[in-house]
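Sharing a structure here in structure tokens format.
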Amino acid sequence: METRALSLFKKPSAVIPLLVLFLLPFTTDNIHFHHVLIMFMLFATLSQAWNVIGGYAGQVSFGHATFFGIGAYAALVLLKKFGLTPWAGMLIGGGVAVILAILIGYPVFRLKGHYFAISTFAVAEIVERLFMNWDFVEGAIGLPAPVLPENLFHFMWYKDKMPYFYIAFVFFVLVLLLAYKIERSRLGFYFRAIKQSPDAAEGLGIDTTKFKMVAMIISAFLTALCGSFYAQYILYIDPPSVLSLDISIKIVLVTVLGGAGTIIGPILGSAILIPLSEYSRILLGGTGKGVDLIVFGALILVISVFQPLGVAGFFRKPGKGSHGNPQG
Amino acid sequence: MEILKVKNLTMRFGNLTAVDDVSLSVRQGEIIGLIGPNGAGKTTFFNCLTGYLNPRSGSVRFANHDITGLRPNRICKVGLARTFQIVQVFKEMTTWENVIVGAFCRTTDAARAYDQTLEILKFTGLYEKKDFRVGNLTIADQKRLEISKALATQPSLLMLDEAMAGLNATETNEAIELIKKIRDRGITLMIVEHVMEVIMSISERVVVFDSGKKIAEDTPDKIVKDPRVIEAYLGGAYHA
């Protein structure tokens, strides 16, 4: 059984699309196109992160905006107030997200059913309100990035989007490899077992509480990293843009549309939703706010009726398991 | 040598005493059968031993560990595995993927776990169907898969809860052969069945439950002649 993550690079079906993706921005100077590519990779990565707990381990979170927002605020606040490089802010944000994940997970993972979904939602709402009223981070006014020279240390560029593209690409590939590695390792099998039958999983020696927590920690950490990237990319954040339910829902929708519990699902879901969302905004302007979500809702309806496994389900061989043969 | 020792185990649900002061010991390498009418408390007894229920009182010792009240995953790790009366397979996974979950109990290395999985599948006769999604397996194969998953955790005591219910005569015979093969691997077995013929043909010792109490314990040939057992199964009118 091939378990090393790098074996993904031996597959032409994985390498060629990645190469194409990398070369795409060089085909045009259109900055908006570069922006769409960056957002696509960001949401594919967010969705990949959510997928660990929500897709594989089956614990649906409606509160991932909290981790995203914590990452975003950690990077910008620490840069603005303490001059700390956002790369460090990113790791600190990730750490805070992990602590919060443990605080949420510890009580609720002992319960069964939907309590987890409800509690993530509740915590996310509370955190958004707190940030709205927290003067240190400028509350509802929001936090603009300080004006500093463009470079990798400050993690900011004003006109050129290509540095962001490279960083997003590296993130995207690393998280893809990580997801691939997890799926083929003990963790991946444990997560899927817990999702499908927690009782049977316990009986086979799986500490279900512990492994749900592991899934949650990985997911929260990666989500916070994405949040930091987003803050440094947009260079302005406020609670509605990084902590709101909209973000949480969008992450869930991308994954469910693409195919929860698969590697390719987050990528497919993001490739469909993000261009739809970005281009409908251009087409319809401010009046079109939310149109992408309406279209997306309709897509979800169609998909769940015809292919409950998400778009990824169309690529699955009938009768076979979801993850191909172990030699692959 | 004793591998499992249950002392004065009692389990209550409200006013109902499902398991009533049961003591029992199991010797290494034997096949012990547990029989009794529906509702006699066999499955509750199983659940108390394997951590799915917390017994009200009494103790369970397994291979020199006190396992009373431990969570199922801890009990599995010390070497006591079980199957479920209603199969608990991972429906979205293939046969080999189901079994490898059990194999990961003893190793974190995926390649080794996979090798062990293939060995188990060959042993239980499911190798040809290793790539099937388990929803497509017959009931007999799903029961076989239940046993394969539990075997993959490398137990020293395997507890089978009605592994043969719902099987036809041919399938039942195959299951009996498998159980004997498992015993020959050096694994002790405790088997719950309420089909008398099955349990009598393979058990070295039979324990009879009725209304939560252990009413008899003996070799199969003596058990079938025991008046208390006949009464529990057939009612007082048939008392010989």
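Any idea how many residues of segment B:196-214 are part of a loop (DSSP other than H, G, I, E, B) and surrounded by fewer than 19 Cβ atoms within 10 Å (Cβ to Cβ)?
Kept after step one, since they are part of a loop (DSSP other than H, G, I, E, B), are these residues of segment B:196-214: B:203-204, B:211-212.
In the following step, the residues that additionally are surrounded by fewer than 19 Cβ atoms within 10 Å (Cβ to Cβ) were identified as B:204, B:211.
Going through segment B:196-214 one residue at a time, the tally reaches 2.
From the list A:255, A:262, which residue is farther than 30 Å from residue A:143 by Cβ and either buried (at least 23 other Cβ atoms within 10 Å of the Cβ) or in contact with a strand residue (DSSP E or B) (Cβ under 9 Å, 6 or more places away or on another chain) (or both)? Step through it out loud before you land on a result.
Numbers: A:255 fails: farther than 30 Å from residue A:143 by Cβ.
When all the criteria are applied, what remains is A:262.
For segment B:82-105, how many residues are within 30 Å of residue B:42 (Cβ to Cβ), out of contact with any His (no Cβ under 9 Å at 6 or more places or on another chain), within 8 Å of chain A (Cβ to nearest Cβ) and outside any helix (DSSP H, G or I)?
8
Here is a follow-up. Consider residue A:67 carefully, then state whether it is within 14 Å of the chain's Cα centre (by Cα) and either surrounded by fewer than 24 Cβ atoms within 10 Å (Cβ to Cβ) or farther than 27 Å from residue A:210 by Cβ (or both). Steps first, answer last, please.
Values: within 14 Å of the chain's Cα centre (by Cα): yes; either surrounded by fewer than 24 Cβ atoms within 10 Å (Cβ to Cβ) or farther than 27 Å from residue A:210 by Cβ (or both): no.
For residue A:67, the condition - within 14 Å of the chain's Cα centre (by Cα) and either surrounded by fewer than 24 Cβ atoms within 10 Å (Cβ to Cβ) or farther than 27 Å from residue A:210 by Cβ (or both) - is not met.
One line per residue, one yes/no per condition, for (1) touching a Ser or Thr at 6+ places or on another chain (Cβ under 8 Å); (2) within 23 Å of residue B:219 (Cα to Cα):
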| residue | (1), (2) |
| --- | --- |
| B:8 | yes, yes |
| B:13 | no, no |
| B:23 | no, yes |
| B:29 | yes, yes |
| B:34 | no, yes |
| B:37 | no, yes |
| B:41 | yes, yes |
| B:48 | no, no |
| B:55 | yes, no |
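Just checking, which of A:230, A:236 is more than 14 Å from every other protein chain (Cβ to nearest Cβ), within 18 Å of residue A:146 (Cβ to Cβ), touching a strand residue (DSSP E or B) at 6+ places or on another chain (Cβ under 6 Å) and not hydrophobic (A, V, I, L, M, F, W, C)? Let's see the steps before the verdict.
Numbers: A:230 fails: touching a strand residue (DSSP E or B) at 6+ places or on another chain (Cβ under 6 Å).
Criteria check complete, one pass: A:236.
Which one of B:219, B:188 is polar (S, T, N, Q), at pLDDT 90 or above and under 27 Å from residue B:119 (Cβ atoms)?
Working: B:219 fails: under 27 Å from residue B:119 (Cβ atoms).
Result of the check over B:219, B:188: B:188.
Can you name every residue in segment A:240-268 that is part of a loop (DSSP other than H, G, I, E, B) and over 13 Å from the mean Cα position of the chain (by Cα)?
Of the residues in segment A:240-268, the ones part of a loop (DSSP other than H, G, I, E, B) are A:243-244, A:259-263.
A:243, A:244, A:259, A:261, A:262, listed by residue number.
Do you know which residues across segment B:29-53 are farther than 15 Å from residue B:161 by Cβ and over 15 Å from the mean Cα position of the chain (by Cα)?
B:37
Here's a follow-up. Given the structure, is residue A:218 among the aliphatic types (A, V, I, L, M), surrounded by 19 or more Cβ atoms within 10 Å (Cβ to Cβ) and assigned to a loop (DSSP other than H, G, I, E, B)? If you could, list the steps in order and put the result at the bottom.
Values: among the aliphatic types (A, V, I, L, M): yes; surrounded by 19 or more Cβ atoms within 10 Å (Cβ to Cβ): yes; assigned to a loop (DSSP other than H, G, I, E, B): no.
Taking the combined requirement at face value, the residue does not satisfy it.
Hey, among the residues in segment B:34-58 that are of a type outside the set (S, T, N, Q) and within 10 Å of chain A (Cβ to nearest Cβ), which one's nearest to residue B:1 (Cα to Cα)?
Kept after step one, since they are of a type outside the set (S, T, N, Q), are these residues of segment B:34-58: B:34-37, B:39-42, B:45-46, B:48-49, B:51-53, B:55-56, B:58.
Narrowing further to those that are within 10 Å of chain A (Cβ to nearest Cβ): B:51-52.
On the way: B:51: 23, B:52: 26 Å.
Here the residue is B:51.
Is it fair to say residue A:31 is in contact (Cβ under 8 Å) with a residue 12 or more places away in the chain and surrounded by fewer than 18 Cβ atoms within 10 Å (Cβ to Cβ)?
Working: in contact (Cβ under 8 Å) with a residue 12 or more places away in the chain: yes; surrounded by fewer than 18 Cβ atoms within 10 Å (Cβ to Cβ): yes.
In short, yes.
So, one more: Out of (1) crowded, with 20+ Cβ neighbours inside 10 Å; (2) out of contact with any Lys or Arg (no Cβ under 9 Å at 6 or more places or on another chain); (3) under 30 Å from residue A:21 (Cβ atoms), the odd one out for residue A:188 is which?
The single condition residue A:188 does not satisfy is (2).
I would also like to ask the following. Against the conditions (1) modelled with pLDDT of 95 or more; (2) closer than 23 Å to residue B:203 by Cα; (3) not small (Gly, Ala, Ser), where does residue B:87 fall short? Just the number, please.
(1)
Does segment A:223-239 hold any residues that are in a helix (DSSP H, G or I) and not small (Gly, Ala, Ser), and which are they? Write out each step before concluding.
First pass over segment A:223-239, keeping only residues in a helix (DSSP H, G or I): A:223-234, A:239.
Across segment A:223-239, the qualifying residues are A:223, A:225, A:226, A:229, A:230, A:232, A:233, A:234, A:239.
Something else now. How about segment B:147-179: which of its residues are of a type outside the set (A, V, I, L, M), assigned to a helix (DSSP H, G or I) and at pLDDT 95 or above? Walk me through how you get there before you give the answer.
Residues of segment B:147-179 of a type outside the set (A, V, I, L, M): B:148-149, B:153-156, B:161-162, B:166, B:168, B:170-174, B:177.
Retained after the next criterion (residues that are assigned to a helix (DSSP H, G or I)): B:148-149, B:170-174, B:177.
The answer is B:148, B:149.
Looking at (1) closer than 26 Å to residue B:195 by Cβ; (2) more than 14 Å from chain A (Cβ to nearest Cβ); (3) in contact with a Ser or Thr (Cβ under 9 Å, 6 or more places away or on another chain), which is the one condition that is false for residue B:61?
(1)
Checking the conditions here, which among A:20, A:52 is surrounded by fewer than 15 Cβ atoms within 10 Å (Cβ to Cβ), part of a helix (DSSP H, G or I) and out of contact with any strand residue (DSSP E or B) (no Cβ under 7 Å at 6 or more places or on another chain)?
The unique qualifying residue is A:20.
Where the second residue is buried (at least 17 other Cβ atoms within 10 Å of the Cβ) and hydrophobic (A, V, I, L, M, F, W, C) and the first is facing chain A (nearest Cβ under 8 Å) and lies in segment B:68-81, which pairs have Cβ atoms under 7 Å and are six or more apart or on separate chains?
As it stands, the answer is B:73/A:206; B:76/A:204; B:76/B:105; B:77/B:105; B:81/B:150; B:81/B:158, since those pairs meet every condition given.
Within the set of pairs 6+ apart or on separate chains, which have a first residue in segment B:88-104 that is acidic (Asp, Glu), a second that is part of a helix (DSSP H, G or I), and C-beta atoms under 6 Å apart?
Close Cβ pairs satisfying both conditions: B:92/A:196.
For residues that are of a type in the set (A, V, I, L, M, F, W, C) and within 12 Å of another protein chain (Cβ to nearest Cβ), scanning just segment B:122-157, find the one that is surrounded by the fewest Cβ atoms within 10 Å (Cβ to Cβ). Explain how you work it out, then say what you get.
First, pick out the residues of segment B:122-157 that are of a type in the set (A, V, I, L, M, F, W, C): B:123, B:126, B:132, B:134, B:137, B:139-140, B:145, B:147, B:150-152, B:157.
Of the ones still in play, those that are also within 12 Å of another protein chain (Cβ to nearest Cβ) are B:132, B:134, B:137, B:145, B:150-152.
Details: B:132: 18, B:134: 22, B:137: 20, B:145: 24, B:150: 29, B:151: 25, B:152: 27.
By that ranking, first place goes to B:132.
Looking only at residues that are within 25 Å of the chain's Cα centre (by Cα) and within 7 Å of chain B (Cβ to nearest Cβ) in segment A:191-207, which one is nearest to residue A:264 (Cα to Cα)?
Ranking the candidates gives A:192 first.
The values are calculated or read from the model by the stated rules, or taken from the named source; none is laboratory data. Values in this document were obtained by computation on a predicted structure and should not be read as measured data. Here Cβ is always computed from backbone atoms with ideal geometry, including for glycine, and neighbour counts include all displayed protein chains.
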